[in-house]
Amino acid sequence: MSRWTEEFFIEKGLLLTAVSSIIIIALIIIFIFMEGLPAIQAYGFFNFIFGMDWAPSSGQYGVFPMIIGSLGITVLSLLMAVPLGILCAIFLSEVASSKMRRILNPTIQTLAGIPSVVYGFFGLILLVPFMRVQFGGTGFSMFTASIILTVMILPIIVSVSEDALRSIPQEYKEASLALGATHWQTIKNVIFPAAIPGVITSVILGMGRAIGETLAIIMVAGNVVQIPGSILDPVRALTSNIAIEMGYATGIHYNALFATGIVLIFMIIVLLILANYLHYKKKVTIGGGYL
């Protein structure tokens, strides 16, 4: 086989793989829409999206409290995980010794590989009782779920942010130090701003993991369909709703759960578009020389 023929088959094989991935995703989305649209048409789009009650036995399918619950858990977890993850990545890439990195990096990678049910058991056995004693109530709350999610998405943010910080050319750092800047000033004013596009990518990946998590959230969030009055109130996420009720749902209830999946898909798409816009805008700013 000639080199040209070999390259041709490799190129077409890679193209086929990419196209297959797109086709599979498209088929999944089409299936979800086919199963979910009958519920939206029967119950009404605005009634479904902005309805306050989810009671399948009474024919009520409002998902607005669960949309708020999903967004609240995701935002809270990102507010805690992003600063911690970025600071940890800066420490690993710029401050820690090689011996310390050899210890911390495998530990962080291990956290990323722990099954979500283990995190859920940890929250159920240790975190929920702690929250109950310290803050009152049942201990099952949006805040408890967000703490568990913070631990779950932290390895993603740390690993990707560290790679972004390490990818910055060494010349940037050397030039800053040569001009008299301290190590911390170099990190704050040169290295970190240049790595922000990669850091935003880590936040996007963490956000996708947070909003799509199911099992751990079911175990610690309380699963009450309500708009929370505070972060200590129990909530139900969209993913939890699907997982809890899919096993026994029939008829329009079954379709309503798929419609919940449609809402979840649109939420993820909107959040990803927003995050990618910020990512692209920052890359253009850096490329334009505004640093």
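If the only charges are +1 at each Lys and Arg Cβ and -1 at each Asp and Glu Cβ, what is the size of the charge dipole of the range 47-287 around the Cα centre, to the nearest 20 debye?
460 debye
Return the equivalent ellipsoid semi-axes of the range 1-45 as a descending list in whole Å, where each equals the square root of 5 times an eigenvalue of the C-alpha gyration tensor.
Semi-axes from the Cα gyration tensor: 43, 5, 4 Å.
Name the residue farthest towards the positive end of the dipole of the chain from the options Ala18, Met66, Phe91, assuming +1 on Cβ of Lys and Arg, -1 on Cβ of Asp and Glu, about the Cα centre.
Most positive-ward Cα: Phe91.
How long is the gain from Met34 to Ile244 if the chain were fully straight, where each residue apart is worth 0.36 nm and the alpha carbon distance is subtracted?
Answer, rounded to one decimal: 73.5 nm.
P(r) of the range 95-151 in 10 Å steps, Cα pairs, percent per bin?
Spelled out per bin, shortest first, that is 21, 37, 24, 16, 2.
Between the range 2-67 and the range 221-255, what is the C-alpha centre distance in whole Å?
So the two Cα centres are separated by 20 Å.
Expressed in nm², what is the orientationally averaged projection area of the convex hull enclosing the Cα positions of the range 23-107?
Averaging across all directions leaves 9.7 nm² for the Cα convex hull.
When averaged across all projection directions, what area in nm² does the alpha-carbon convex hull of the chain cover?
Mean projected area of the Cα convex hull: 21.7 nm².
On a 0 to 90° scale, report how tilted helix 98-113 is relative to the longest principal axis of the chain, with both axes built from alpha carbons and the result rounded to the nearest 10.
Approximately 20 degrees, to the nearest 10.
Under a Cβ-Cβ cut-off of 15 Å, what is the net charge of the residues other than Leu205 that fall near it, where Lys and Arg count +1 and Asp and Glu count -1?
Charge balance in the 15 Å sphere: -2.
Toward the positive end of the charge dipole of the chain, about the Cα centre and with charges on Cβ (Lys, Arg +1; Asp, Glu -1), which of Ile211, Ala249, Ala112 goes farthest?
Highest projection toward the positive end goes to Ala112.
With a point put 7 Å past each Cα toward its Cβ, work out how far Ile227 is from Ser57 in nm, to one decimal.
2.6 nm
Give, in nm to one decimal, the length gained when the segment between Ala96 and Val117 is fully stretched (0.36 nm per residue of separation minus the Cα-Cα distance).
Stretched fully, the Ala96-Val117 segment lengthens by 4.4 nm.
What is the gain in length, in nm to one decimal, between Ala181 and Ile103 on full extension, counting 0.36 nm per residue of separation less the C-alpha to C-alpha distance?
25.1 nm
Work out which chymotrypsin sites (Phe, Trp or Tyr not before Pro) in the chain are exposed loop sites (DSSP not H, G, I, E or B, at most 10 other Cβ within 10 Å) and give the longest gap free of them.
In short, 1-247.
Output the Cα-based Rg and Dmax of the range 44-87 in Å, rounding Rg to one decimal and Dmax to a whole number.
According to the Cα coordinates of the range 44-87, Rg and Dmax are 15.3, 49 Å.
State the number of lysine pairs found in the chain whose Cα atoms come within less than 30 Å, restricting to pairs 8 or more positions apart or on distinct chains.
Count of close lysine pairs: 9.
Read-outs: derived from the displayed coordinates by stated rules, not from any lab. Just so it is clear, the model here is predicted, and its values are computed rather than measured. When we count neighbours, we look across all protein chains shown, and the Cβ atoms used for this are built from the backbone with ideal geometry, even at glycine.
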